[in-house]
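The values are calculated or read from the model by the stated rules, or taken from the named source; none is laboratory data. This is a predicted model, so every value here is computed, not measured. Neighbour counts are summed over all protein chains in view; Cβ atoms, including those assigned to glycine, are modelled from backbone coordinates with ideal geometry. Surface areas here come from the heavy atoms of the whole protein model, side chains and all, with no ligands, DNA or RNA. Shrake-Rupley method; radii C 1.70, N 1.55, O 1.52, S 1.80 Å.
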Amino acid sequence: GIDSCKWLLSDGRYKGDQEWQPYGCMMHHYSQTDTRRCLRYLAFWGKHNHFVFIDQHHSDLSFGDSKLRLHVEFIWSPYVSKHMIDDFQNWKDKNEPPSMIVAGSATWSIKDSNASVLALQEYSLNLTHLIQAIDTISAKRSRVLWTLQEPVNTEKLHPARAMITNEQIDMYNKAAMEILQHSAAQLWSSSRLVAQGNLEESEDGIHLGPLALKHDTQVSNMYCNDHMNFNDGTCCSSAEPYTMLQVVTFAILGVSSVLSFVLVLRGWMKNWTGTAPVSYSPLTEAGKQQSPHESDMYTLVTSLARMGIIMAYFFLCDRTNFFMKENKYFSQVSFWLPFGYVFALGLFFTEDSRFTKVLHRDQTDEWKGWMQLVILIYHMTGASGILPIYMHIRVLVSAYLFLSGYGHFCYFWQRGDAGLVRFFQVLFRLNFMTVTLCLCMNRPYQFYYFVPLISFWFLMVYLVLALPPQVTAASSESNPLQYLYLVLKFVGLFSVITILYMSEVFFEKVFVTRPWKALFVTTDDDIHEWWFRWKLDRYSISYGMVFAVAYLLAQRYNFLDDNNHSNLFSPGIALSATLASIIGMGSYTTFSFLCRNKLECNEIHSYTVFVPIVSYIVLRNISGVLRTRYSSFFAWFGRISLELFISQYHIWLAADTHGVLVLVPGYPVLNVIITSFIFVCAAHEVHRLTYVLMPYAVPSDWKLVLRNALLFLGVLVPIGIHDGMF
């Protein structure tokens with residue numbers, strides 16, 4: 001079934017560093033602060049937090065906290081006897097029974113009866129007397145958990161307890177399961193598995209060790225998850241309610257799917273009956289084809305239908321409890337093993353490129369590809385807590401922005417195209433999938449932080465290059481004064497960035513101004529996530545533009561020659577540059593190990609990140625042999641890197657990247673293979689659909705582009721009014 005409460009209580013396994021993973025759902029690790037916050041929230045809404053533990057503590061205990069409306073009772077009742085039955089009957093008769101009752105019994109009965117069969121029969125009979133009370137209590141929205149008895153470590157048992165064997169415990173547990181399985185009691189069998197994996201920690205062989213107790217206390221997930229906003233806690237948490245905007249979006253995509261089916265069926269019928277429209281080629285005087293208008297409509301509708309199917313899969317994976325989810329757990333093996341495997345595959349699929357230039361298309365695709373695969377491994381394994389790995393991933397994200405600045409500058413320098421069509425084409429390619437996901441998954445634009453980041457910096461690049469005087473290769477060659485204009489533009493860009501960085505208050509005033517505030521705040525109306533992402537890579541795209549200028553001028557004045565397969569420099573210069581690059585990359589790696597915390601590392605990162613990036617470019621391109629070969633495996637992934645980065649949020653990872661999607665429970669390796677295959681196929685198809693739909697959204701005529709832009713804004717206005725943008 002899809003009841004994650006049953007998953008939490010029924011099964012699980014140890015993974016990572018002895019962390020407990022419930023079957024099929026994510027368990028939040030509640031601290032004392034988290035628990036108090038949950039109880040305070042429930043108390044605010046008038047709920048009484050009353051917990052009863054029928055325990056074997058040798059005495060009754062009680063604890064209360066009026067501020068939390070909390071009452072906790074520990075009742076000593078080691079037998080399923082009249083005492084326990086009377087307690088349940090008393091709770092049954094109350095209008096408001098305890099919120100949660102946790103009970104369990106077996107070992108005392110085994111010990112005192114010397115493991116007799118009659119004691120087991122009496123135990124079973126008394127359990128049947130509890131069923132009516134349990135059902136009545138549960139009907140009043142209370143939970144009754146019956147804990148199956150944990151196994152014992154017979155090697156540590158005191159001789160007086162020698163009769164308490166695991167075989168006897170299993171017989172009592174079997175009796176409890178058979179009797180209570182048709183009642184409203186919830187059998188807590190996973191606690192038995194928790195203890196079984198840590199028997200060596202038990203001091204006396206019968207009582208739980210500290211680690212098992214720590215995991216068992218997380219049963220609070222059952223009580224709190226549905227009321228708290230913890231992203232890593234899906235056990236006993238209801239699916240997120242859908243909004244009217246989601247309904248409208250999926251309705252439009254659904255209508256497209258129906259129309260697509262009708263058009264496909266109509267085409268089949270026409271072909272079958274021989275009435276399809278025929279147009280004769282002047283060369284072959286044969287062949288069937290659709291009219292241009294009919295063909296355009298068919299392409300548009302079928303593309304939207306495909307997108308609708310993909311979005312439905314996204315929704316099913318991450319906005320429902322239909323598929324399971326698990327927590328991330330980091331281990332060195334889980335990170336470095338796929339890392340090595342991926343790079344072995346990448347090196348295996350190497351071939352010659354038809355390009356020889358520095359950072360040619362095949363090489364940049366390769367670079368984006370292996371970076372994206374490393375980032376995926378990083379997110380899948382939850383390696384963000386390891387500071388050196390975290391800092392190197394920050395370099396990869398910065399390198400992507402660096403390449404964006406480099407690529408956009410080179411394009412403008414060589415072609416001088418700063419028109420509206422080009423501008424909106426780039427924005428459409430970057431944002432089509434993200435905007436669709438915002439509508440379908442009910443997430444703010446800033447949630448997919450990388451797309452707002454790269455879109456913002458593209459806008460900055462466009463403004464710098466498009467504002468007059470426009471500096472291009474042709475204009476600068478005829479008028480050297482253009483170089484001065486370019487320098488002044490760069491100085492202005494760096495100045496604006498520095499001014500925004502120097503005052504967080506001023507930064508917030510700029511970016512929380514309506515109506516564009518909605519583009520930069522999170523679900524909690526918080527700007528700090530955007531501030532963190534923005535300042536971390538505030539110079540990265542500028543570094544890429546400056547590097548592009550240096551490279552293009554070096555080309556123009558023959559400081560390097562990359563028009564053939566030879567090395568870029570003479571042997572002496574090449575050796576010095578190689579040594580300097582190795583030192584540069586090694587220095588950053590050393591820095592990532594020496595800095596003490598993320599805050600300190602992040603502050604230095606934006607000033608030093610160009611060092612490993614430029615060092616890599618030099619090492620990758622200084623040799624003609626290396627420059628003209630590339631990995632087609634990495635390059636293939638590089639072409640869909642943006643779609644991979646965005647898709648991972650919902651159909652590879654889970655719970656908005658805080659967990660891992662599970663399609664095949666119990667087989668983690670097989671699950672990764674299957675989810676990865678579907679994930680990559682979906683990302684590739686979205687990439688293809690983006691290019692198919694782009695001519696419809698961004699035609700080649702700038703007037704039609706403006707019309708479509710105004711129509712899109714017209715659609716956004718009612719959404720913005722509803723969300724308080726205006």
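So what are the ³J(HN,Hα) numbers for region 596-602, from phi and the Karplus equation (6.51, -1.76, 1.60; θ = phi - 60°), rounded to whole Hz, Gly and Pro as x?
3J(HN,Hα) across region 596-602, in whole Hz: 8, 8, 4, 4, 5, 4, 5.
Kindly write out, for region 304-317 in residue order, the coupling ³J(HN,Hα) from the Karplus curve 6.51 cos²θ - 1.76 cosθ + 1.60 (θ = phi - 60°), rounded to whole Hz, with x marking Gly and Pro.
Result, rounded to whole Hz: 5, 5, 4, 5, x, 5, 5, 5, 5, 5, 4, 4, 4, 6.
Tell me the relative contact order for the chain as a rounded percent, counting alpha carbon contacts under 8 Å between residues six or more apart.
Reported as a whole number, the value is 15 percent.
Would you mind giving the three semi-axes, in whole Å and largest first, of the ellipsoid equivalent to region 415-472 according to its Cα gyration tensor? Please report the intermediate quantities before stating the final value.
Details: eigenvalues 150, 26, 8 Å².
Taking √(5λ) for each Cα gyration eigenvalue gives 27, 11, 6 Å.
Accessible area per residue of the chain at 1.4 Å probe, in Å²?
49 Å²
Return the long-range amide H neighbours of Gly659 (sequence gap of 5 or more, or a different chain), with a cut-off of under 5 Å between placed amide H atoms.
Residues meeting the amide H criterion: Ala654.
Could you tell me what percent of the accessible area of the chain is made up of carbon and sulfur, with a 1.4 Å probe and every protein chain present?
Of all accessible area on the chain, carbon and sulfur atoms account for 64 percent.
Where a Cα-Cα gap under 18 Å defines reach, which aspartates and glutamates qualify for Lys174, not counting those fewer than 8 residues away within the same chain?
The qualifying aspartates and glutamates are Asp11, Glu122, Glu150.
If I histogram all Cα-Cα distances within region 467-508 using bins 10 Å wide from 0, what percent of pairs lands in each bin?
Cα pair-distance distribution for region 467-508, in percent: 28, 35, 22, 13, 2.
Give me the base-10 log of I(q)/I(0) for region 563-630 at each q in 0.23, 0.25, 0.26 Å⁻¹, Debye formula, one uniform scatterer per Cα, rounded to two decimals.
At q = 0.23, 0.25, 0.26 Å⁻¹ the computed log10 ratios are -0.93, -1.02, -1.07.
Please give the Cα centre distance for region 334-375 versus region 241-268, rounded to the nearest Å.
Centre-to-centre distance over Cα atoms comes out at 38 Å.
Taking square-rooted eigenvalues a ≥ b ≥ c of the alpha carbon gyration tensor, is region 71-117 rounded, prolate or oblate, where a/c under 1.5 means rounded and, failing that, a/b exceeding b/c means prolate?
prolate
How high is the relative contact order of region 4-227, given as a whole-number percent (alpha carbon pairs under 8 Å, six or more residues apart)?
On the way: 362 pairs, mean separation 47.9, N = 224.
Worked out over region 4-227, it gives 21 percent.
What is region 486-603's relative contact order, in percent, from Cα pairs under 8 angstrom and six or more apart in sequence?
Normalised by residue count, the contact order of region 486-603 is 15 percent.
Looking at region 73-180, which GluC sites (Glu not before Pro) are in a loop (DSSP not H, G, I, E or B) and have at most 12 other Cβ atoms within 10 Å? Don't skip to the answer; put the middle values down first.
Values: sites: Glu73, Glu122, Glu155, Glu167, Glu178; in loops: Glu155.
Those satisfying the criteria are Glu155.
Per residue, how big is the convex hull of region 4-227 when only Cα atoms are used? Give it in Å³.
125 Å³
To the nearest 10 square angstrom, how much accessible area does Phe74 have with a 1.4 angstrom probe?
Per-residue accessible area (Phe74): approximately 70 Å².
Of Gly205, Leu373, Tyr23, which is farthest towards the positive pole of the chain's charge dipole, taken about the Cα centre with +1 and -1 on the beta-carbons of Lys, Arg and Asp, Glu respectively?
Value computed over the given set: Leu373.
Which value, in debye to the nearest 20, gives the size of the charge dipole of the chain about its Cα centre, when Lys and Arg are +1 and Asp and Glu are -1 at the Cβ?
The dipole of the chain has a size of about 2140 debye.
Return the sequence-ordered ³J(HN,Hα) values of region 701-708 in whole Hz as given by the Karplus equation 6.51 cos²θ - 1.76 cosθ + 1.60 applied to θ = phi - 60°, using x for Gly and Pro.
Calculated HN-Hα couplings, in order: 8, 5, 5, 5, 5, 4, 4, 5 Hz.
Report for region 4-227 the percent antiparallel among DSSP-assigned beta bridges with both residues inside it, nearest 5.
If I count the DSSP bridges inside region 4-227, around 35 percent turn out antiparallel.
Enumerate by residue number the trypsin sites (Lys or Arg not before Pro) in region 321-402 meeting two conditions: DSSP loop (anything except H, G, I, E, B), and at most 12 other Cβ atoms within 10 Å of the site's Cβ.
Loop-located and lightly packed - Arg354.
Considering the Cα positions of the chain, please state its Rg to one decimal place and its Dmax as a whole number of Å.
32.0, 105
With a 4.7 Å Cβ cut-off, tell me which Cys residues in the chain come up empty for a partner.
Cysteines of the chain left without a disulfide-compatible partner: Cys317, Cys410, Cys438, Cys440, Cys681.
Treating only the Cβ of Lys, Arg, Asp and Glu as charged (+1, +1, -1, -1), what charge dipole size does region 4-227 show about its Cα centre? Round to the nearest 20 debye.
820 debye
Filter the trypsin sites (Lys or Arg not before Pro) in region 577-653 to those in DSSP coil with at most 12 other Cβ atoms within 10 Å of their Cβ, and list the result.
Here the sparse-neighbourhood loop sites are Arg596.
With n ≥ 4 as the cut-off for DSSP H runs, can you work out [θ] at 222 nm for the chain, using -39500 (n - 2.57) per run divided by the number of residues, rounded to the nearest 500?
Rounded to the nearest 500, the figure is -20000 deg cm²/dmol.
Considering the options His129, Met228, Thr217, tell which one lies farthest towards the positive end of the dipole of the chain, charges being +1 on Lys and Arg and -1 on Asp and Glu at the Cβ, about the Cα centre.
Ranked along the dipole, the leading option is Met228.
Hey, if you put +1 on the Cβ of every Lys and Arg and -1 on every Asp and Glu Cβ in the chain, which of Val505, Ala697, Pro515 ends up farthest toward the positive end of that dipole?
Ala697
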